[in-house]
Amino acid sequence: MIETGLVGKVVVVTGGAAGIGRDTVRAFAGEDCKVAVWDIGEDKAPTNGLFQSVDVSDSAAVNAAASEVAERFGRIDVLINNAGIVRDAQLVKWKDDEVASVMTDEQFDSVIAVNLKGVFNCGRAVVPHMIRGGGGVILNASSVVGHYGNFGQSNYAPTKAGVINLSRTWSRELGRYKIRVNAVAPGFIGTEILKAMPQKILDGMVSHTPIGRMGEPEDIANAYVWLASDAASFVTGTVLSVDGGLVIGT
């Protein structure tokens, strides 16, 4: 049996109140970690943890939350940058020889603010605490669309590509402080939102996935746990695709 080395670690999970984040919180709590949940949703603090209402696009709120975690638990060992939003729209929708609609400034800017700037805000706030504590792990949520783009996601897909390169940049800058940084790129994951889609669309997703099913939130949570653990102590600057083979199946 591989020892994870996670017992007693202090873990911050952004977007931890629902979906993949919720399962990630449960997974680290199951490793006897002290988990801080940062979300704008419902208060769902785990045992031996805490919930903080944090908008990751607000740098002042993020800085304050990081300081509170460090003051309460003495350090921050792991940051899971899981928070994200979607605001899908075509760049320009053309119909009957004219513009029917466009992606708005709000749709573009809001996704950039949460999915990319939010990751930056959280990393910047947490890293000093990790350095003082002698090291740590940062795991950033990318997506398979960060590799190959996606229809209707001129906002979302670039943020996920940006997260990949942000992770690689940080791995170069922070390795000297014993901080490992990696990205996780989920494929189609069966969250409540996704499962609410029409069955025909879900079947199409599965048909492009060689393993023949959608992923479950716990599949991503398990990947986060492994990457944060001592078993992955020599893994940094990489992107782990947890997609059932979707990228090679497209």
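What follows is calculated from the coordinates using simple rules that are stated; it is not laboratory data. Not measured: the values here are computed from a predicted model. Note that we place each Cβ from the backbone using ideal geometry, even for glycine, and neighbour counts take in every protein chain shown.
Of Ile211, Ile20, Ile131, which is the most mobile in a GNM of the chain whose springs link Cα atoms less than 10 angstrom apart?
In this elastic network of the chain, the residue with the biggest mean-square fluctuation among Ile211, Ile20, Ile131 is Ile211.
Averaging sequence separations of C-alpha pairs under 8 Å and six or more residues apart, then dividing by the length of region 166-250, give the relative contact order as a whole percent.
Details: 106 pairs, mean separation 38.6, N = 85.
Dividing the mean separation by the residue count of region 166-250 yields 45 percent.
At 222 nm, what helix-only mean residue ellipticity would the chain give, in deg cm²/dmol to the nearest 500, using -39500 (n - 2.57) for each DSSP H run of four or more?
One gets -12000 deg cm²/dmol as the mean residue ellipticity at 222 nm.
Relative to the longest principal axis of the C-alpha atoms of the chain, give the angle of the C-alpha long axis of helix 59-73, reported between 0 and 90° and rounded to the nearest 10°.
40
Classify region 117-176 from the C-alpha gyration tensor, please: rounded if a/c falls under 1.5, else prolate or oblate depending on whether a/b exceeds b/c.
Note, shape of region 117-176 comes out prolate.
Have a look at Val12, Val235, Phe73 and report the one farthest towards the positive end of the charge dipole of the chain, computed about the Cα centre with Cβ charges (Lys/Arg +1, Asp/Glu -1).
Farthest along the dipole direction, towards plus: Val235.
Counting alpha carbon pairs within less than 8 Å and at least 6 residues apart, what relative contact order, in whole percent, applies to the chain?
Relative contact order here is 20 percent.
Take the chain, mark every one of the GluC sites (Glu not before Pro) that falls in a DSSP loop and has at most 16 other Cβ within 10 Å, then report the longest stretch left between them, sites excluded. Write down the numbers at each step before the final one.
On the way: sites that count: Glu3, Glu42.
Longest gap between qualifying sites, sites excluded: 43-250.
Considering the dipole of the chain built from charges on the beta carbon (Lys and Arg +1, Asp and Glu -1) around the Cα centre, which of Gln107, Gly204, Asn121 is farthest to its positive end?
Asn121
Calculate how steeply helix 118-133 sits against the longest principal axis of the alpha-carbon atoms of the chain, using the helix alpha-carbon long axis, and give the answer as 0 to 90 degrees to the nearest 10.
20
Hey, got the dipole for the chain? About the Cα centre, +1 on K and R Cβ, -1 on D and E Cβ, debye to the nearest 20? Can you show the working numbers first?
On the way: 22 positive and 27 negative charges, 158 e Å.
With only Lys, Arg, Asp and Glu charged at Cβ, the dipole is about 760 debye.
Dividing the Cα radius of gyration by the Kirkwood radius, what Rg/Rh value follows for the chain?
Reported Rg/Rh (Cα atoms, Kirkwood Rh): 0.98.
Taking neighbour Cβ counts within 10 Å as the exposure measure, how do Asp88, Asp43 sort from fewest upward?
In order of increasing Cβ crowding within 10 Å: Asp43, Asp88.
Compute the helix-to-body angle for 217-228: its Cα long axis versus the longest principal axis of the chain, expressed 0 to 90° and rounded to tens.
40
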